[in-house]
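Asker: Once you've had a glance at the structure underneath, I'll fire off some questions.
The values are calculated or read from the model by the stated rules, or taken from the named source; none is laboratory data. Bear in mind the structure is a predicted one, so any value in this text is a computation, not a measurement. Virtual Cβ from ideal backbone geometry, glycine too; neighbours counted across all protein chains shown. To get the accessible areas, we keep the full protein, side chains included, count just its heavy atoms, and leave off ligands, DNA and RNA. Shrake-Rupley method; radii C 1.70, N 1.55, O 1.52, S 1.80 Å.
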Amino acid sequence: MVDLSPGDLGRWQATLEPASLWLGISRQAFERASAEIASVTSSILRGSRPRPLRDGLGLRSETLGIASFVAGMGPLLGYWIEQGVLEATPSISRVFAHHLEHSRIRCARLECELVRLLNVFQRYGLRPTLLKGMHTGRSYLPRAYTRPAADIDLLVRPEALRAAARALRDAGFTEHRRTTRPFRSEWTPAATRQRVHSLELEHADNPWGVDLHVSLERWYFRGVRADLTKAAWDSTSSVLVQKLEVPVLGQPILTAFLAMHASHPIYALQLIRLVELALVIRRDCTTATLQWDDLVGLLEASGTARFVYPALELTERLVPGTLSPAVRQYLHQCAPSRAHRLVDEISRTGSYRLRHRSLEERLMWSQGFMESVLNVLELAWPADGRFSTKGRLTVFRQYLPALLGRRIRLRSRTRR
């Protein structure tokens with residue numbers, strides 16, 4: 001097991017310095033491994049033959065494994081190697097086979113837990129909507145276990161919240177955290193001790209839980225939020241999970257929600273989320289399930305175009321031709337200039353992730369003077385319901401030293 005403290009995670013989130021979690025892994029080695037993973041992924045999704053993954057020339061199998069864990073790509077790379085789509089040296093193949101094995105076990109466990117939960121929910125007359133990776137992995141990825149899922153995300157109507165909470169308690173779960181902006185209730189299995197077993201892959205026994213949502217909204221700072229909740233009730237589909245029909249998001253809200261979720265926080269962007277978006281858009285455009293006019297109409301009606309821009313633009317750069325030119329231009333016009341600069345920087349790294357934190361990244365969603373003022377106030381005193389007064393002081397202790405030590409930069413651009 002890994003002895004991981006909140007301070008360790010705080011340092012990683014504040015600086016994105018690999019050595020804060022993985023001793024001996026330099027930033028240069030981590031970035032090179034991340035860029036190599038992005039390169040072969042882009043080649044495969046574009047239908048080109050990727051270059052083999054090889055040890056040497058600054059690449060080590062251990063570093064590739066850790067970088068793929070951070071990107072959420074370990075199981076998918078393992079699957080591609082297993083299927084002969086991607087060549088790799090024996091040492092690298094063993095690393096990704098290990099990722100794939102654990103993901104298969106974890107996925108099967110979560111699926112059994114999901115079915116058990118849904119049966120309990122049915123006794124309360126509830127049919128929650130399944131969100132995120134537990135849906136897309138099953139419907140759009142090559143296999144459900146190639147899309148890692150840390151938790152089971154369920155959406156219920158606000159008036160069903162109390163019944164849903166009773167159902168979760170009956171199923172053996174305990175609420176351990178609740179946020180208000182936006183509302184989210186997080187539950188963990190009461191009978192098991194949640195411990196991190198590995199920070200090098202999504203271990204089968206790593207912690208998991210249930211995230212209970214009553215809305216599809218994101219809070220960025222005081223007065224600025226994105227909300228897709230109304231469209232969620234108007235557009236639903238379903239998938240089969242062990243012969244049980246489960247509601248999921250339909251189009252165009254599925255694309256909008258995945259893009260909004262992937263775009264914020266931008267420092268936590270995972271490559272697997274861009275892969276997920278590319279596969280969702282490509283398949284549903286082919287079947288005419290997704291219509292570009294419908295997506296633009298939803299974004300305009302909900303005022304969420306600027307909030308989905310980063311993920312959709314980066315998906316297009318990873319897999320050219322994913323977006324229609326008209327939609328791409330529309331999104332570009334809606335996004336703030338800071339978002340443009342950050343997307344350019346992330347794309348320029350070749351790894352599809354930020355190299356470091358910056359104030360520009362924290363202010364990327366602001367449009368106009370008043371929003372900029374509100375955003376700065378948010379940095380000084382977060383409105384996020386997760387933070388108590390003590391928690392806010394902890395945020396200061398984590399970020400202020402990093403800023404003074406120039407590990408958090410004013411601008412996102414990397415010096416050449």
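Asker: Regarding E62, is this residue at pLDDT 90 or above, open to solvent by 40 Å² or more (accessible area, probe 1.4 Å) and acidic (D, E)? It would help to see each step written out before you state the result.
Answerer: Working: at pLDDT 90 or above: yes; open to solvent by 40 Å² or more (accessible area, probe 1.4 Å): yes; acidic (D, E): yes.
So E62 passes the test.
Asker: Another question, then. Against the definition (under 19 Å from the mean Cα position of the chain (by Cα) and closer than 30 Å to R157 by Cα), how does G133 come out, yes or no?
Answerer: Details: under 19 Å from the mean Cα position of the chain (by Cα): yes; closer than 30 Å to R157 by Cα: yes.
Yes; evaluated as a whole, the condition is true for this residue.
Asker: Of everything in the range 89-99, what is part of a helix (DSSP H, G or I) and surrounded by fewer than 23 Cβ atoms within 10 Å (Cβ to Cβ)? Give them in sequence order. Don't jump to the end; show me each part of the working.
Answerer: The initial filter retains those residues of the range 89-99 that are part of a helix (DSSP H, G or I), namely 90-99.
Scanning the range 89-99 gives P90, S91, S93, R94, A97, H98.
Asker: Is there any pair linking a residue in the range 289-300 that is surrounded by 17 or more Cβ atoms within 10 Å (Cβ to Cβ) to one that is among the small types (G, A, S), with Cβ under 7 Å and at least six apart or on different chains, and which?
Answerer: Listed by first residue and then by second, the contacts come to L295/A256; L298/A231; L298/A256; L299/A256; L299/A305.
Asker: Go through (1) more than 16 Å from the chain's Cα centre (by Cα); (2) among the hydroxyl-bearing types (S, T, Y); (3) more than 20 Å from S366 (Cβ to Cβ) for T304 and report which single condition fails.
Answerer: Going through (1) more than 16 Å from the chain's Cα centre (by Cα); (2) among the hydroxyl-bearing types (S, T, Y); (3) more than 20 Å from S366 (Cβ to Cβ) one by one, T304 breaks only (3).
Asker: Can you tell me which of (1) within 20 Å of the chain's Cα centre (by Cα); (2) assigned to a loop (DSSP other than H, G, I, E, B) is the one G47 doesn't meet?
Answerer: Going through (1) within 20 Å of the chain's Cα centre (by Cα); (2) assigned to a loop (DSSP other than H, G, I, E, B) one by one, G47 breaks only (1).
Asker: Next question. Among the residues of the range 255-283, count how many are charged (D, E, K, R) and buried (at least 20 other Cβ atoms within 10 Å of the Cβ). Working first, answer last.
Answerer: Let us first name the residues in the range 255-283 that are charged (D, E, K, R), namely 273, 276, 282-283.
Filter again for buried (at least 20 other Cβ atoms within 10 Å of the Cβ), leaving 273, 276.
Number satisfying all stated conditions: 2.
Asker: Are any residues in the range 114-144 open to solvent by less than 40 Å² (accessible area, probe 1.4 Å), part of a loop (DSSP other than H, G, I, E, B) and not aromatic (F, W, Y), and if so, which ones?
Answerer: Narrowing the range 114-144 to residues open to solvent by less than 40 Å² (accessible area, probe 1.4 Å): 114-115, 117-118, 120-121, 126, 128-137, 139-141, 144.
Adding the requirement that they be part of a loop (DSSP other than H, G, I, E, B) leaves 126, 128, 132, 140-141.
Listed by number, the residues that qualify are L126, P128, K132, L141.
Asker: Helices (runs of 4 or more DSSP H) wholly in the range 281-338 with at least 2 residues that are hydroxyl-bearing (S, T, Y) and at pLDDT 95 or above - which ones?
Answerer: Numbers: elements: 292-302, 305-318, 325-334.
So the answer is 305-318.
Asker: Can you tell me which of (1) touching a strand residue (DSSP E or B) at 6+ places or on another chain (Cβ under 9 Å); (2) within 30 Å of D234 (Cβ to Cβ) is the one G125 doesn't meet?
Answerer: The failed condition is (1).
Asker: Please determine, by comparing only the residues of the range 65-83 that are in a helix (DSSP H, G or I) and out of contact with any Ser or Thr (no Cβ under 9 Å at 6 or more places or on another chain), which one is surrounded by the fewest Cβ atoms within 10 Å (Cβ to Cβ).
Answerer: Applying the first criterion (in a helix (DSSP H, G or I)) to the range 65-83 yields 65-71, 74-82.
Narrowing further to those that are out of contact with any Ser or Thr (no Cβ under 9 Å at 6 or more places or on another chain): 65-66.
On the way: G65: 21, I66: 24.
Among them, the one singled out is G65.
Quick grid of which residues meet (1) more than 30 Å from S68 (Cβ to Cβ); (2) surrounded by fewer than 18 Cβ atoms within 10 Å (Cβ to Cβ); (3) touching a residue at least 12 places away in the same chain (Cβ under 8 Å):
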position	(1), (2), (3)
Y330	yes, no, yes
A335	no, no, yes
H340	no, yes, no
G350	no, yes, yes
S358	no, no, yes
E361	no, no, yes
M364	no, no, yes
G368	yes, yes, no
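Asker: Check A326 against each of (1) surrounded by fewer than 19 Cβ atoms within 10 Å (Cβ to Cβ); (2) within 19 Å of L277 (Cβ to Cβ); (3) free of Cβ contacts under 8 Å to residues at least 24 places away in the same chain and name the one condition it does not meet.
Answerer: Of (1) surrounded by fewer than 19 Cβ atoms within 10 Å (Cβ to Cβ); (2) within 19 Å of L277 (Cβ to Cβ); (3) free of Cβ contacts under 8 Å to residues at least 24 places away in the same chain, only one is false for A326: (3).
Asker: Regarding L86, is this residue in contact with a helix residue (DSSP H, G or I) (Cβ under 9 Å, 6 or more places away or on another chain), open to solvent by less than 30 Å² (accessible area, probe 1.4 Å) and not in a helix (DSSP H, G or I)?
Answerer: Numbers: in contact with a helix residue (DSSP H, G or I) (Cβ under 9 Å, 6 or more places away or on another chain): yes; open to solvent by less than 30 Å² (accessible area, probe 1.4 Å): yes; not in a helix (DSSP H, G or I): yes.
Against the criterion (in contact with a helix residue (DSSP H, G or I) (Cβ under 9 Å, 6 or more places away or on another chain), open to solvent by less than 30 Å² (accessible area, probe 1.4 Å) and not in a helix (DSSP H, G or I)), L86 qualifies.
Asker: Taking the range 152-173, which residues are in contact (Cβ under 8 Å) with a residue 40 or more places away in the chain, of a type in the set (D, E) and either more than 23 Å from Q251 (Cα to Cα) or touching a Ser or Thr at 6+ places or on another chain (Cβ under 8 Å) (or both)?
Answerer: D170
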